[in-house]
Amino acid sequence: MTGSPARTLLLWCPDWPVLAAEIVDGVPATGPVAVLHANRVVACSERARAEGVRRGLRKREAQGRCPQLTVVDYDPGRDTRAFEPVVAAVEELVAGVEVVRPGACAVAARGPSRYLGGEEAAAERIIEHVAQSCLVESQVGIADGVFAAGLAARAGRVVAPGGTPEFLAGLPVEALGRSALADLLRRLGVRTLGDFAALPAGDVLARFGFDGALAHRLAAGRDHRPLAVRQPPAELTVTAEHDEPIDRVDVAAFVARALAEQLHERLAGHGLACTRLGIEAVTEHGQELHRVWRHDGLLTAAAIADRVRWQLDGWLSGSSGRSGARPARPTAGIIRLRLIPDGVIAQAGLQAGLWGETGEERERAHRALSRVQGILGPEAVVTAVLGGGRSPADQVRLVPWGDERVPARPGPAPLPGEPITSGTDRAASSGRPADHGGGAVPPWPGRLPAPAPAVVLPSPLAATVHDAAGEPVVISARLAVSAPPARLVVGAGQPTEIVGWAGPWPVDERWWVPAEARRRARFQVSLAGGAALLLAVEAGQWLVEAIYD
């Protein structure tokens with residue numbers, strides 16, 4: 001390796017994991033805060049350091065030094081997301097930024113020093129711009145190479161060209177960021193980077209290996225790797241301005257089609273596809289409207305246009321497109337419409353089969369169902385999504401075709417349970433969920449065991465249940481069954497013999513809200529003709545809720 005390191009400007013935000021926790025999660029960084037990873041402190045606030053908290057301490061020891069310490073788990077994704085606006089602010093002034101790590105980014109100093117009036121002026125300008133744009137304090141260091149610039153940033157220094165080896169020589173070996181190597185060097189009597197750099201390179205390689213040799217080059221100020229320049233994110237948002245306000249749905253649909261085609265072409269030019277679409281509109285009176293549409297697959301140009309048309313129709317006509325209260329209509333027409341691809345992924349496409357058949361059936365079905373939605377609206381085609389709940393009706397959520405298939409309630413799919421058994425075997429009738437193992441999310445208390453019913457009735461049917469003596473079967477407040485069920489009559493039908501049953505499974509919901517409280521018990525019964533039903537008794541009334549296959 002030959003040549004001298006390039007002059008590098010590095011911006012460093014102190015205690016960035018703590019600041020990221022404040023930006024994303026609202027944890028006040030002015031208080032005593034520590035970020036922990038693997039039960040050890042990886043970053044802490046200035047207030048926590050004043051109380052004796054240091055990096056590397058265990059959680060218990062850190063809390064012993066500072067009892068009021070706020071502990072935050074380390075989240076590299078959170079740090080990266082919070083740092084993105086800082087990098088974008090730096091890119092507004094300079095080009096070719098490399099993100100060294102969340103909280104630090106570097107750029108070649110040659111360009112900014114020329115058009116910002118010198119290196120010190122460039123450093124001051126960048127610090128000021130970041131503070132004004134992101135409300136984040138930062139420090140800048142300039143030296144020969146990224147490694148030296150990072151150490152200079154911690155001191156807020158501008159190292160003169162050619163003075164990097166001298167600047168590094170007086171720093172301790174811990175500055176290398178290699179704790180094991182630094183500990184070994186100290187035990188060998190090597191305490192500063194200058195002492196380490198003075199060792200013969202061949203001996204260092206033989207004794208410490210390749211990583212030690214790389215650290216030896218850094219200690220000598222010979223870091224001259226080129227910056228890994230970040231490619232700024234492409235501007236994908238499309239906007240349409242209108243002199244004449246749009247207050248008619250047909251005009252809005254025409255505008256939506258053109259804007260959707262423009263967005264789709266822009267995404268395709270970058271090899272991207274949209275999965276989450278943000279729609280923003282501004283009216284002539286300054287009202288701002290915003291809505292995000294999610295999609296389970298990839299939004300085509302037609303799908304984008306349909307969703308924009310549906311949303312504009314909802315805004316301009318004052319209808320939400322879904323059941324519920326109608327939102328207020330804007331007081332003026334729309335003069336600005338913007339489409340924001342809020343979620344994008346690489347458009348890899350679908351690998352076709354040898355004869356082109358792979359995926360064609362799904363694509364034809366998608367086009368047909370999307371066409372129906374385009375004519376009748378998004379609620380015209382729905383699919384079922386299983387989620388959590390105590391009754392079969394609660395566990396199913398109907399979502400419009402193409403929307404994100406997210407369960408309405410958290411919880412696993414129905415778990416294996418006790419089958420329908422005879423009345424003499426009622427070990428599973430306590431209603432307490434069994435231990436299914438595997439460490440999965442536990443089922444909802446009172447949820448029915450498998451199998452799930454095949455048909456859930458939209459309106460339960462009234463029924464009566466009698467015992468062998470012809471007396472009505474009654475369930476007490478303590479869930480005691482007065483007698484084994486023997487016959488079932490649904491509505492005005494004929495009595496049917498019950499040959500097997502299981503239950504009760506009690507449900508006592510929302511007891512803390514008297515107006516919404518609901519208490520019932522459910523039974524599984526098998527009939528003489530081979531049918532199986534799900535029964536519920538509520539307020540003394542028996543009901544048929546579902547039918548088993």
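At-a-glance table
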read-out: Nitroxide proxy distance, nm - points 7 Å out along Cα→Cβ at residue 229 and residue 155; value: 3.0 nm
read-out: Efficiency of FRET from Cβ geometry, residue 508 and residue 329, R₀ 45 Å, rounded to 0.05; value: 0.55
read-out: Largest-first principal axis extents of the Cα set of the range 248-314 (Å); value: 38, 20, 18
read-out: Within the range 466-522, chymotrypsin sites (Phe, Trp or Tyr not before Pro) in DSSP loop having at most 16 other beta-carbon neighbours inside 10 Å; value: 511, 512
read-out: Two-decimal Rg to Rh for the range 75-215 - Kirkwood Rh, Cα set; value: 1.03
read-out: Percent of alpha-carbon pairs separated by more than 26 Å within the range 1-143; value: 33 percent
read-out: Loop-resident sites, the range 90-162, for GluC sites (Glu not before Pro), counting at most 15 other Cβ within 10 Å (DSSP); value: 92, 137
read-out: Extension reserve of the residue 50-residue 120 stretch, reckoned as 0.36 nm per residue once the Cα distance is removed; value: 22.1 nm
read-out: The range 195-268: GluC sites (Glu not before Pro) falling in loop per DSSP and having at most 12 other Cβ within 10 Å; value: 235
read-out: Calculated FRET efficiency for the pair residue 91/residue 381, C-beta based, R₀ 51 Å, to 0.05; value: 0.75
read-out: Surface accessible to a 1.4 Å probe, residue 270 within the full protein complex, Å²; value: 100 Å²
read-out: Probe 1.4 Å - accessible area at residue 16, Å² to nearest ten; value: 10 Å²
read-out: Simple label model, 7 Å out from Cα along Cβ direction - residue 459 to residue 291, nm; value: 3.1 nm
read-out: Rg and Dmax of the range 145-192, Cα atoms only, in Å; value: 11.7, 33
read-out: Spin-label model distance (nm) - residue 60 vs residue 237, 7 Å beyond Cα toward Cβ; value: 5.1 nm
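The values are calculated or read from the model by the stated rules, or taken from the named source; none is laboratory data. It should be emphasised that the depicted structure is a prediction, and the values quoted were computed from it without experimental measurement. Every residue, glycine as well, gets a Cβ built from its backbone with ideal geometry; the counts of neighbours run over all protein chains shown. Just so you know, the surface numbers come from the protein's heavy atoms only, side chains and all, with ligands and any DNA or RNA stripped out. Shrake-Rupley method; radii C 1.70, N 1.55, O 1.52, S 1.80 Å.
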